[in-house]
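Before any comments, here is the structure.
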Protein chains: 2
Amino acid sequence: MKIALDAMGGDFAPDSTVKGAGLAAKELPEGVTLVLIGDENVINGKLEEFNINESNIEVFHASDVIDMGEHPTKALSQKPEASIPVGFGLLKKGLVNAFASAGNTGAMHVGAMFTIKTIEGIIRPGIAGFMPKEAGGFGVIMDVGANADCKPDVLHQFGQIASLYAKHVFEIEKPKVGLMNLGEEEQKGTLLTQAAHQLFKLDKSLNFIGNIEGRDLFNDKADVIVCDGFTGNVILKMAESFFDMLQTRNIKDPYFDRFNYEAIGGSPILGVNGNVVIGHGVSSPEAIKNMLLLSLKMAEANIHLKIKEKIGE
Amino acid sequence: MKIALDAMGGDFAPDSTVKGAGLAAKELPEGVTLVLIGDENVINGKLEEFNINESNIEVFHASDVIDMGEHPTKALSQKPEASIPVGFGLLKKGLVNAFASAGNTGAMHVGAMFTIKTIEGIIRPGIAGFMPKEAGGFGVIMDVGANADCKPDVLHQFGQIASLYAKHVFEIEKPKVGLMNLGEEEQKGTLLTQAAHQLFKLDKSLNFIGNIEGRDLFNDKADVIVCDGFTGNVILKMAESFFDMLQTRNIKDPYFDRFNYEAIGGSPILGVNGNVVIGHGVSSPEAIKNMLLLSLKMAEANIHLKIKEKIGE
């Protein structure tokens, strides 16, 4: 099994990515190889500099880089030899089992849609985020920003997709699916959430527990939190700001420490034909390591195929 | 000046309300009277029981009570002698300058709309919430739940209304108005926020600073945060849950203590012909006290008239 990393992606790449790969390499099970994509001279230089000589690290040359601020579509068409399109190329050919990058988020998103493409039958791929639960583990929240405006059937599919993710990647047998809303009663909410609620109610294949509220993100009510990408994005960034404010005040707590983006390290794009994870631009080596371990878990679970089998057409 | 309190409203009323009024009475400037609305025998009994004999507390009899779980419209039509409709009656006649209740939120909302009514020219009244700012003070966020689905012109008006509130009640000279969004760039977001952004850009009477994100709720970017009631409600409840989780872990911090709903005590309904504040059902005496002081501030600022003059037709 091979997990590919965009070694050039992220504000602190290639130092952070190469160091992170070094950390991950020590934790990988036998038979798993990391593939670092980027300028081979640069990467080899960094591997040497940081004294990383794990045999489960390979380098795959990509001569170009898409910068953080570049326009995704333009950059992808103008720089086919950059690490992101090269990574998607490997993923498409089945030469790697997952591809992760802390680089240009838009390029990762567009690259996924146009290279490995949306699974047939999936209306809109989305990005999943993770909410640390007080009782342990993480809840899956989808979408967290790929789709600002959603239709009811898109929300319903997010519930199906994220439910499969919680089941196969987080090993929760019957994930409880909650619809983010402003009240528990089914007639509450926007026209969107009211209509989505009815779709969820009719779907007996899901463990739909009804509406949840902003106060339920961290409790045990739901393992899967369904919302449009606008709401999910506000939630995710607000949770990040809480963690930052705790850090500023030097408040340490084992639970709140799991709000650190580094704890999970990345957000998967779900609904495309491959396992893709996007990391935070500021990713540290620790974050890169955890993003790689998450990518491995997704590859082991074959999550994109599970989604294709169960929801695709 | 008279500030009316629904003495029968709230999970712990009349104990919490009478005690809270007693606390507030000690802090009121000369010339301000509290009017406790409800069963006069019950209220007088409680005033005696708690040894409250402030001369700036009056009792106004209301023979009935709308319970927390009652259907607002039905209850208001069937119980005209209940404390909530009696309170709105006094407000409408100008016999009190503000009316606050921690009772049935729906009845307060519907009562406001049908008794004192929406200010002409206001498309939709909304409910404002408050976000403790790291730099001190509170940001005003509107709407926090009255209007789940909003049109762009409604968001624009929320910005105007909340801006007047920040100016006249919180005494911020040129309140910075931010539009809650998932990215800073003006083309980002939902169709709603994209369109609203353009309306704000055209309105030179506001100090519009552009889009803000979920991470900006507590920093100094905006004094006024504009969003639809769905988003605002999720934000408000999520912030409450953070405070609760900190409490559970016994983490005390002067900044985070201001996340306690008691610190402000209530949420104003803005855009109606009178000063109305809704409190949390679980309101403690401290929360009731602060809700009354907030109501007084609103009455002193004559905020409903400011809104009528500046935005109404």
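What are the residue pairs meeting all of these: first residue in region B:5-29, first residue open to solvent by 10 Å² or more (accessible area, probe 1.4 Å), second residue in a loop (DSSP other than H, G, I, E, B) and of a type in the set (Val, Ile, Thr), Cβ atoms under 6 Å, and 6 or more apart or on different chains?
Matching pairs, first to second residue: B:MET8/B:VAL65; B:ASP11/B:VAL282.
Is region B:187-197 home to any residue that is among the polar types (S, T, N, Q), touching a helix residue (DSSP H, G or I) at 6+ places or on another chain (Cβ under 8 Å) and open to solvent by 40 Å² or more (accessible area, probe 1.4 Å)? Reasoning before the result, please.
Step one: of region B:187-197, the residues among the polar types (S, T, N, Q) are B:187, B:190, B:193-194.
Now drop any that are not touching a helix residue (DSSP H, G or I) at 6+ places or on another chain (Cβ under 8 Å), which leaves B:187, B:190, B:193.
Right, trim to open to solvent by 40 Å² or more (accessible area, probe 1.4 Å) and you get B:187.
Taking every residue of region B:187-197 in turn, at least one turns out to be among the polar types (S, T, N, Q), touching a helix residue (DSSP H, G or I) at 6+ places or on another chain (Cβ under 8 Å) and open to solvent by 40 Å² or more (accessible area, probe 1.4 Å).
Would it be correct to say that B:THR248 is more than 16 Å from the chain's Cα centre (by Cα), crowded, with 18+ Cβ neighbours inside 10 Å and of a type outside the set (A, V, I, L, M)? So that I can check it myself, show each step before the final result.
Details: more than 16 Å from the chain's Cα centre (by Cα): yes; crowded, with 18+ Cβ neighbours inside 10 Å: no; of a type outside the set (A, V, I, L, M): yes.
When the stated conditions are applied, B:THR248 does not pass them.
Being under 20 Å from the mean Cα position of the chain (by Cα) and either open to solvent by 10 Å² or more (accessible area, probe 1.4 Å) or aliphatic (A, V, I, L, M) (or both) is the filter here, so list the residues in region B:70-94 that pass it.
Matches in region B:70-94: B:PRO72, B:ILE84, B:PRO85, B:VAL86, B:GLY89, B:LEU90, B:LEU91, B:LYS92, B:GLY94.
Does A:GLY210 satisfy being buried (at least 23 other Cβ atoms within 10 Å of the Cβ) and within 29 Å of A:LYS174 (Cβ to Cβ)?
Judged against the criteria, A:GLY210 is not a match.
Of all residues in region A:271-313, how many are of a type in the set (Gly, Ala, Ser), in a helix (DSSP H, G or I) and either on the phi > 0 side of the Ramachandran plot or open to solvent by less than 10 Å² (accessible area, probe 1.4 Å) (or both)?
Adding up the residues that qualify gives 3.
Listed residues B:ASN97, B:ASN147; which is touching a residue at least 40 places away in the same chain (Cβ under 8 Å) and open to solvent by less than 10 Å² (accessible area, probe 1.4 Å)?
B:ASN147
Just to be sure before I move on: is B:ALA62 open to solvent by less than 30 Å² (accessible area, probe 1.4 Å) and farther than 15 Å from B:GLY87 by Cα in the structure I sent?
Working: open to solvent by less than 30 Å² (accessible area, probe 1.4 Å): yes; farther than 15 Å from B:GLY87 by Cα: no.
No, not satisfied.
I need every pair where a residue in region A:105-124 that is more than 18 Å from A:LEU5 (Cα to Cα) has its Cβ under 6 Å from the Cβ of a residue that is modelled with pLDDT under 95 and assigned to a loop (DSSP other than H, G, I, E, B), sequence separation at least 6 or different chains.
A:ILE119/A:GLY312; A:GLU120/A:GLY312; A:GLU120/A:GLU313; A:GLY121/A:GLY312; A:GLY121/A:GLU313
Among the residues of region A:68-102, what is the count of those that are closer than 20 Å to A:VAL35 by Cα, in contact with a helix residue (DSSP H, G or I) (Cβ under 8 Å, 6 or more places away or on another chain) and among the polar types (S, T, N, Q)?
Selection size over region A:68-102: 2.
Taking the conditions exactly as written (more than 12 Å from the chain's Cα centre (by Cα), aliphatic (A, V, I, L, M) and within 19 Å of A:SER205 (Cα to Cα)), does A:ILE116 satisfy them or not?
When the stated conditions are applied, A:ILE116 does not pass them.
For region A:192-219, which positions are touching a strand residue (DSSP E or B) at 6+ places or on another chain (Cβ under 8 Å), closer than 23 Å to B:LEU236 by Cα and either of a type outside the set (Ser, Thr, Tyr) or more than 14 Å from every other protein chain (Cβ to nearest Cβ) (or both)?
Answer for region A:192-219, where residues must be touching a strand residue (DSSP E or B) at 6+ places or on another chain (Cβ under 8 Å), closer than 23 Å to B:LEU236 by Cα and either of a type outside the set (Ser, Thr, Tyr) or more than 14 Å from every other protein chain (Cβ to nearest Cβ) (or both): A:ALA196, A:HIS197, A:ILE209, A:GLY210, A:ASN211, A:ILE212, A:GLU213, A:GLY214, A:ASP216, A:LEU217, A:PHE218.
Can you confirm whether B:ALA162 is touching a residue at least 60 places away in the same chain (Cβ under 8 Å) and among the aliphatic types (A, V, I, L, M)?
yes
Could you please find all residues in region A:251-264 being within 14 Å of chain B (Cβ to nearest Cβ) and under 12 Å from the mean Cα position of the chain (by Cα)?
Within region A:251-264, A:TYR261 is the sole residue that qualifies.
Which numbered condition in (1) open to solvent by 50 Å² or more (accessible area, probe 1.4 Å); (2) of a type outside the set (Val, Ile, Thr); (3) in a loop (DSSP other than H, G, I, E, B); (4) within 24 Å of B:GLY145 (Cα to Cα) is the only one that A:ALA222 fails?
(1)
Which of the residues spanning region B:159-183 are within 14 Å of another protein chain (Cβ to nearest Cβ) and either under 18 Å from B:SER267 (Cβ atoms) or surrounded by 20 or more Cβ atoms within 10 Å (Cβ to Cβ) (or both)?
B:GLY178, B:LEU179, B:MET180, B:ASN181, B:LEU182
Run down B:SER241, B:SER267 and say which single residue is small (Gly, Ala, Ser) and at the interface with another protein chain (Cβ under 8 Å from one of its Cβ atoms).
B:SER241
Farther than 24 Å from A:ALA100 by Cβ and touching a Ser or Thr at 6+ places or on another chain (Cβ under 9 Å) - does that describe any residue in region A:117-124?
no
Can you tell me which condition A:GLY265 does not meet? The list is (1) modelled with pLDDT under 95; (2) part of a helix (DSSP H, G or I); (3) open to solvent by less than 20 Å² (accessible area, probe 1.4 Å), and all the others hold.
Answer for A:GLY265: the failing condition is (2).
What's the number of the only condition in (1) at pLDDT below 95; (2) outside the structural domain of B:ASP6 (by TED's automatic domain parsing) that B:ASN147 fails to meet?
(1)
Exactly one of these conditions fails for A:THR115: (1) open to solvent by 10 Å² or more (accessible area, probe 1.4 Å); (2) over 22 Å from A:LYS79 (Cα atoms); (3) at pLDDT 95 or above. Give me its number.
So A:THR115 meets the others, but not (2).
The values are calculated or read from the model by the stated rules, or taken from the named source; none is laboratory data. Just so we're clear, the structure is a prediction, and the values are computed from it rather than from any experiment. In this analysis, Cβ positions are derived from the backbone assuming ideal geometry, glycine residues included, and neighbour counts consider all displayed protein chains. Note: areas computed on protein heavy atoms with side chains; ligands, DNA, RNA excluded. Shrake-Rupley method; radii C 1.70, N 1.55, O 1.52, S 1.80 Å.
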